[in-house]
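Here, each number is a calculation from the coordinates, and none is a lab measurement. Computed from a predicted structure; not experimentally measured. Cβ sites come from the backbone with ideal geometry, for glycine too, and all protein chains shown count toward neighbours.
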């Protein structure tokens, strides 16, 4: 009788710990994705969209969390830099 209660208690404890772990992982993941959406590099004039040199001003900071408060951010004005997959180059 006592062994059954103990095993049931252990099973529920493991289940609750698993649920808490999954919840915590999902919470951290959503916070990280929200932080990544604050990176302004794709809308910057100095962003080249080339994997070899992503930014002409700050190549090491480009597309990283360090670029969130970039002081050299300039809104993209040239249409040649705005091309992405599925879009035509108008220049």
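Packing-based ranking of 12-18, 44-50, 69-75 yields 44-50, 69-75, 12-18, ordered from highest to lowest mean Cβ neighbour count within 10 Å. Here the simple spin-label model places points 7 Å from the Cα toward Cβ, and for residue 77 and residue 25 these points are separated by 4.8 nm.
If R0 is 41 Å, the Cβ-Cβ spacing of residue 16 and residue 69 corresponds to a FRET efficiency of close to 0.55.
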